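Below: the structure, in structure tokens.
The values are calculated or read from the model by the stated rules, or taken from the named source; none is laboratory data. Quick caveat: nothing in here was measured; it's all calculated off a predicted structure. Every residue, glycine among them, receives a Cβ derived from its backbone with ideal geometry; neighbour counts consider all protein chains shown. Ligands, DNA and RNA are excluded from the accessible area calculation, which covers all protein heavy atoms including side chains. Shrake-Rupley method; radii C 1.70, N 1.55, O 1.52, S 1.80 Å.
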Amino acid sequence: QVQLVESGGGVAQPGGSLRLSCTASETIFSTHIMGWYRQAPGKQRELVATITTGDRTNYTYSVKGRFTISRDNADNMVSLQMNSLKPEDTAVYYCNAFRYGKSYWGQGTQVTVSS
């Protein structure tokens, strides 16, 4: 059974920063595209950022320049550094591993941006 274990999240003020991390088994981490998605109340889940095994990254337009996704191959960990947070970044964030049309998901972690 594939497990993606997330940590981080919480509450931040507008303009603040948070960091999310997700660990996976080495088999999954070394062969899958890793990414972060988010789902705000009443909205569909949307892609935030992805990173390939070759460290190629992709971001949704609304987070470009503010969020950074990275991989730590030693710890089988993918992280999402979120800076300059906005209230509209409030959502449940999910770690994702994807390969050949199949996705695995973490349990989700809440990020709330509020003054």
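Per residue, the accessible area of the chain comes to 55 Å², computed with a 1.4 Å probe over protein heavy atoms only.
Taking the accessible area of the stretch 52-115, probe 1.4 Å, and keeping the other protein chains in place, the carbon and sulfur fraction comes to 45%. Take every Cα pair under 8 Å whose residues are at least 6 apart in sequence, average their separation, divide by the length of the stretch 5-115, and the relative contact order is 37 percent.
Want the number for GLN3 to ARG56: 0.36 nm per residue separation, take away the alpha-carbon distance, what's left?
Details: separation 53, 0.36 × 53 = 19.08 nm, distance 2.31 nm.
Extra length from GLN3 to ARG56 when fully extended: 16.8 nm.
Rounded to the nearest 20, the Cβ-based charge dipole of the chain about its Cα centre (Lys and Arg +1, Asp and Glu -1) stands at 300 debye. Ordering THR52, GLY42, HIS32 by the projection of their Cα atoms onto the charge dipole of the stretch 23-92, which places +1 on the Cβ of Lys and Arg and -1 on the Cβ of Asp and Glu, puts GLY42 at the extreme positive end. Packing order of peptides 25-33, 52-60, highest average first: 25-33, 52-60 (average count of other Cβ atoms within 10 Å over each peptide's residues).
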